[in-house]
Structure formats: C-alpha cells, structure tokens
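Asks: One structure, pasted below without further comment.
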Amino acid sequence: MEQEQVQHKIGPPPELKKISDVIWELPLSYKQGMLVPARIIATEELIQSMDEGVFNQVTNVASLPGIQKYAYCMPDGHFHLVAC
C-alpha cells in the first residue's frame, strides 16, 4: 500500500507579528479557541523555513485548558506526521 505524500506550506502565516529579532507572536485571533498568544523563538531565517504544521501545533497548545500567558515554540520547532 502506498502512502500519500502530504504537501505542507513552508513559511509563516501573515498574522505572525515580529516582537523582537527572535520573538514572533500569533495573536488570539489566529485560531478559534486559543486562550493565550503563541510565541515562537527563532530567527527570521528559521521562521521562513518552518512548516505550517509548526504554527498549527503551537496554536493547538495555546488552546489547552489551564495554559498561562503564552504557548512557546523553541527554535528547533518542527512538525512530524505519525501514521499508525
């Protein structure tokens, strides 16, 4: 059985706001259900190379009950699909 290759967009969403040289933020308005903003710690070069799944995962974390202040993604943030 062949597995279908899933193509993911590379690069940040337009809503991503630069806070400093290495801090980027997705606001609560980015995704319904977010309880806190999502912050990504990375250089601009790393941000440009991140898969859309990274932004999806950090905003999912920002939607978890009990989260406080921010959801963080470190510079080594990456996305993996797991097939069972």
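Each value in this text was obtained by applying a stated rule to the coordinates, not by laboratory testing. No experiment lies behind these values; they were computed from the predicted model shown. Quick reminder, even Gly has a Cβ in these numbers, built from the backbone with ideal geometry, and neighbours come from all protein chains shown.
Asks: Taking amide H positions as placed in the peptide plane 1.01 Å from N, state which residues far from A71 in sequence (5 or more) or on other chains have amide H under 5 Å from it.
Replies: For A71, the qualifying residues are A38, R39.
Asks: Going by average Cβ neighbours within 10 Å, how do the peptides 59-65, 16-22 rank, with the highest at the top?
Replies: 59-65, 16-22
Asks: I need the calculated FRET efficiency for the pair D76 and Q32, taking r as the beta carbon distance and R₀ as 22 Å, to the nearest 0.05.
Replies: 0.20
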